[in-house]
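For reference, the structure discussed in these notes is given below.
All of the numbers you see were taken from the coordinates with simple rules; none came from a lab. Note that the structure is predicted; figures quoted are calculated from it, not measured.
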Amino acid sequence: MAIVLIWITSIIVSCIIADKNGRSVGAWFFLSLLFGFLATIVVLAMGPANPVTIAVASPHQPFVFAENRVPCPRCGESIVATAKICRFCSAAQAVNEWPTS
């Protein structure tokens, strides 16, 4: 009888940990039903399923705020104010055509 209570407790704990870590509760319920306390140890060791990612500017394409953009005189697309060539239509831009403040 004690083994059954430990097994049921293991199933409940595995489901709670799986839910907190963003994993499938149903899958871990069945894994705990089959493997018992071993599944609880595994789900505890795995950690969160989808860690939060933070978007950062790439060193190859730095983030540019909207106020530093101007429309291209040829195609009208929004481009960086300091751009020498429009990346959409490849039109050359005048050096001081647009104010950058």
Residue by residue through region 24-34, what is 3J(HN,Hα) from phi via Karplus (6.51 cos²θ - 1.76 cosθ + 1.60, θ = phi - 60°)? Round to whole Hz and write x for glycine and proline. 5, 5, x, 5, 6, 4, 5, 5, 5, 5, 7
Working only with C-alpha atoms, what are the Rg and Dmax values of region 2-46, expressed in angstrom? 9.2, 30
